[in-house]
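J.: Please read through the structure below; I'll follow up with questions.
The values are calculated or read from the model by the stated rules, or taken from the named source; none is laboratory data. For clarity, every value in this text was computed on a predicted model and none was experimentally measured. When we count neighbours, we look across all protein chains shown, and the Cβ atoms used for this are built from the backbone with ideal geometry, even at glycine. Heavy atoms of the whole protein, side chains included, go into the accessibility calculation; ligands, DNA and RNA do not. Shrake-Rupley method; radii C 1.70, N 1.55, O 1.52, S 1.80 Å.
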Amino acid sequence: MLSVISARVILVGKLLLRLLYYFYKLELTKEEEDMLNGEHGESFAVAYRILLAIGEATGASKLVPVKWAHISGVNYNTIGDSGVKFLEEFSKTGRVAIRTTINPMGYDKGRIENLSDRFLKKQSSIVNSYSMLGAIPSFTCVPYEIFDIPEKGSMVSFAESSAAVFSNSILGLSTNRESALSALASSITGKTPYSDLLIENFRQAKVAIRPDFTPSTELDYGLLGYFAGNAVKDPCVAFIPPEGRPDRIQAKALSAAIGTSGSCGMFTFGHGSGREIVSFGKEEAARVKDELSTGDDGDLIALGGPQLGLNELSLLSSLIEGKKLKKRCMIFCARAIHRQAKEIGLVNRIEKAGGEFMCDSCTCMTPLITRADFDSVITNSIKAAYYLDRSNSIGVALKDLRTIVRDYSENN
Amino acid sequence: MKSTLKCRRIVGGCGIGKAIVTEQPINFLSMLDVSRGIIKDPRHHLFRSCLRDSILVFPGAVGSSVGSYSIYALKVNCVAPAAIICSGKTDLITASGCAISEIALVDMLEKSWPSVIRNGVELEVDANNRMVTLPKQTI
């Protein structure tokens, strides 16, 4: 009897929520209305149109200030000609109001490989537009490894999916998984709708994933993340750790993989009580790996996706010290990280073993790794594997970093 | 059989076209050929479907945040859907992409929608009046 009553209460609650959504409206201030109506120029009108749409979609009641916008859509391969033109127009009257960092572009400014003049021209137009807007030319998908992190609980607007998931889950920041366009809108307005992961209630997971084995490598965590993104549609997912928690490198891999497969924007660690439990066993892990890993070997090792930080470079350097890589190996990292790594001798050690650094760019839809040059690529990144296969049509062999170094290096 | 369904307006406007229905979410950046408006991912249930002038009915976007630019590219290349219906709650990628592309976008259809909206039926989405109708009684 009690369960029937509670089921009815839940049903009535759901109906009321639905009704609320139908009649809900995002309230704009007079100033925001004026901007929406184009009284401060076309860029602000476009930005408020975007904020209004995502505000309506998420059922927000108001816009709130954010401290930092991180924008995706910088690589020409991702936004194409229409994106180039859009940004050219947008940057004519738009100016950033808050700290704004941007994602990687298509190539390393210091070493232009065999890229077409057309690509270089289009990419340069995009870079110029972001510069006009006043964004910091960070060219990184791991802005949290370079810039000061605002105090815990601060609201930010991050588009790069891996950075949004990592910031919510590990750094204690609050961001929705913004789109490239909504983070762009936040950059010039300094605002985002108050909804979803900005509200404490949405940061509580309803579903918990219980791995039946202890993930031990960054690749294991990547497989877990890809599975979780597919399985969970909520804003937040919990993991029940068998023992221990992932280190920073593993947490980055987990965040990027969740970002690749789904729409979930945050993970927590915790218990399963009161939550729907989903099992993740070796069989599920193998299924994900089968889907993403199309071969056992490759012509090139690509590390990045997201870009490597000092932690990963330090680990890589210790693994390959005194060894020589047997395959070409591209290492994607931000220029700022490269500079720091150089100062402390990591770059030298990695280059001595045969590693090639690619700054300003990353594996996701890069023009540096094409089907014309490579049949297949070896990587430890789920995100790299996904986009190299689907967008660049290149085969992928997924292996964890230690295995890659073991299989593809010899003593010097 | 009901021929008008209530819905929620996300981006205003109207669109008429044949429904392309899927229960699988879409990663607009990786799964779409934006010059032709075709789903190019062989693993997607809509593989080889053309979105041009259709009414796309899908759960929402997943993956890359840049997918919002891909929706805009569809519009600029004249191969965009006439309107989009999110069968659940609209995500930020679809909402922002439609906002700058002026593609009518609605969501939260009445619960009975799966029995009415099938692949290939003609639909009229009137986002301004929060209504989805079947102009021709196809069922």
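J.: Does segment B:61-83 include one or more residues that are touching a residue at least 60 places away in the same chain (Cβ under 8 Å), small (Gly, Ala, Ser) and open to solvent by 10 Å² or more (accessible area, probe 1.4 Å)?
T.: yes
J.: For B:Asp41, state whether it is acidic (Asp, Glu) and open to solvent by 10 Å² or more (accessible area, probe 1.4 Å).
T.: Numbers: acidic (Asp, Glu): yes; open to solvent by 10 Å² or more (accessible area, probe 1.4 Å): no.
No; evaluated as a whole, the condition is false for this residue.
J.: Yes or no: segment A:270-286 includes at least one residue that is among the hydrophobic types (A, V, I, L, M, F, W, C), surrounded by fewer than 18 Cβ atoms within 10 Å (Cβ to Cβ) and assigned to a helix (DSSP H, G or I).
T.: yes
J.: Any idea which residue in segment A:235-277 is farthest from the other protein chains (Cβ to nearest Cβ), counting only those that are under 22 Å from B:Gly88 (Cα atoms) and among the β-branched types (Val, Ile, Thr)?
T.: A:Val237
J.: A follow-up question, please. Quick check: is even one residue across segment A:192-202 under 18 Å from A:Ser263 (Cβ atoms), open to solvent by 40 Å² or more (accessible area, probe 1.4 Å) and β-branched (Val, Ile, Thr)?
T.: Yes, there is a match, as at least one residue in segment A:192-202 is under 18 Å from A:Ser263 (Cβ atoms), open to solvent by 40 Å² or more (accessible area, probe 1.4 Å) and β-branched (Val, Ile, Thr).
J.: Could you give every pair whose Cβ atoms fall below 9 Å, whose first residue belongs to segment A:304-329 and is over 23 Å from A:Tyr386 (Cα atoms), and whose second residue is open to solvent by less than 10 Å² (accessible area, probe 1.4 Å) and among the basic types (Lys, Arg), counting only separations of at least 6 or pairs across chains?
T.: A:Asn311/A:Lys252
J.: Residues of segment A:59-74 being facing another protein chain (nearest Cβ under 9 Å) and open to solvent by 10 Å² or more (accessible area, probe 1.4 Å), which ones?
T.: A:Gly59
J.: Sticking with this structure for a sec: Restricting attention to strands (runs of 3 or more DSSP E) lying wholly within segment A:328-412, give those where 2 or more residues are surrounded by 21 or more Cβ atoms within 10 Å (Cβ to Cβ).
T.: Here the list reads A:328-333, A:355-359, A:376-379, A:395-398.
J.: Sticking with this structure for a sec: The conditions are (1) farther than 18 Å from A:Gly55 by Cβ; (2) part of a loop (DSSP other than H, G, I, E, B), and B:Leu56 fails exactly one of them. Which is it?
T.: So B:Leu56 meets the others, but not (2).
J.: Please determine whether any residue of segment B:45-60 is in contact (Cβ under 8 Å) with a residue 40 or more places away in the chain and more than 7 Å from every other protein chain (Cβ to nearest Cβ). Break it down stepwise before answering.
T.: Of all residues in segment B:45-60, those in contact (Cβ under 8 Å) with a residue 40 or more places away in the chain come to B:55, B:57.
Among the residues that remain, those that are also more than 7 Å from every other protein chain (Cβ to nearest Cβ) are: B:55, B:57.
For segment B:45-60, residues in contact (Cβ under 8 Å) with a residue 40 or more places away in the chain and more than 7 Å from every other protein chain (Cβ to nearest Cβ): present.
J.: How about segment A:207-262: which of its residues are in a helix (DSSP H, G or I) and of a type in the set (S, T, N, Q)?
T.: Of all residues in segment A:207-262, those in a helix (DSSP H, G or I) come to A:218-231, A:248-261.
Scanning segment A:207-262 gives A:Asn230, A:Gln250, A:Ser255, A:Thr260, A:Ser261.
J.: For segment A:365-380, check the following and say yes or no: at least one residue is touching a helix residue (DSSP H, G or I) at 6+ places or on another chain (Cβ under 8 Å), of a type in the set (Gly, Ala, Ser) and more than 14 Å from chain B (Cβ to nearest Cβ). Break it down into steps so the answer makes sense when it comes.
T.: To start, the set of residues in segment A:365-380 that are touching a helix residue (DSSP H, G or I) at 6+ places or on another chain (Cβ under 8 Å) comprises A:365-367, A:369, A:377-380.
Adding the requirement that they be of a type in the set (Gly, Ala, Ser) leaves none.
No, because not a single residue in segment A:365-380 is touching a helix residue (DSSP H, G or I) at 6+ places or on another chain (Cβ under 8 Å), of a type in the set (Gly, Ala, Ser) and more than 14 Å from chain B (Cβ to nearest Cβ).
J.: Further question: For B:Gly37, only one of the following conditions fails: (1) in contact with a Cys (Cβ under 6 Å, 6 or more places away or on another chain); (2) within 12 Å of chain A (Cβ to nearest Cβ). What is its number?
T.: Tallying (1) in contact with a Cys (Cβ under 6 Å, 6 or more places away or on another chain); (2) within 12 Å of chain A (Cβ to nearest Cβ), B:Gly37 fails exactly one: (2).
J.: Determine whether B:Ile16 is at pLDDT 95 or above and either assigned to a helix (DSSP H, G or I) or under 20 Å from B:Gly88 (Cα atoms) (or both).
T.: Values: at pLDDT 95 or above: yes; either assigned to a helix (DSSP H, G or I) or under 20 Å from B:Gly88 (Cα atoms) (or both): no.
No.
J.: Sort out which residues of segment A:76-97 are open to solvent by 10 Å² or more (accessible area, probe 1.4 Å) and at the interface with chain B (Cβ under 9 Å from one of its Cβ atoms), and write them in order of number.
T.: Answer for segment A:76-97, where residues must be open to solvent by 10 Å² or more (accessible area, probe 1.4 Å) and at the interface with chain B (Cβ under 9 Å from one of its Cβ atoms): A:Thr78, A:Gly80, A:Asp81, A:Ser82, A:Lys85, A:Phe86.
J.: For segment B:68-139, which fully contained strands (runs of 3 or more DSSP E) count at least 2 residues that are within 13 Å of chain A (Cβ to nearest Cβ) and closer than 30 Å to A:Lys85 by Cβ? Let's see the steps before the verdict.
T.: Details: elements: B:83-86, B:104-107, B:122-126, B:131-133.
Fully inside segment B:68-139 and qualifying: B:83-86, B:104-107.
J.: Still on this structure, please answer the following. Anything in segment B:1-28 that is open to solvent by 40 Å² or more (accessible area, probe 1.4 Å) and more than 14 Å from chain A (Cβ to nearest Cβ)? List them, or say none.
T.: B:Met1, B:Lys2, B:Thr4, B:Cys14, B:Ile16, B:Lys18
J.: Within segment A:310-327, which residues are closer than 20 Å to A:Cys141 by Cα and open to solvent by less than 70 Å² (accessible area, probe 1.4 Å)? Break it down into steps so the answer makes sense when it comes.
T.: Taking segment A:310-327 as the starting set, the residues that turn out to be closer than 20 Å to A:Cys141 by Cα are A:310-316.
A:Leu310, A:Glu312, A:Leu313, A:Ser314, A:Leu315, A:Leu316 - these are the residues of segment A:310-327 that are closer than 20 Å to A:Cys141 by Cα and open to solvent by less than 70 Å² (accessible area, probe 1.4 Å).
J.: Let me ask something additional. Checking the structure you have, find out if any residue of segment A:107-124 is at pLDDT 95 or above and under 25 Å from B:Leu92 (Cα atoms).
T.: The answer is no; no qualifying residue exists.
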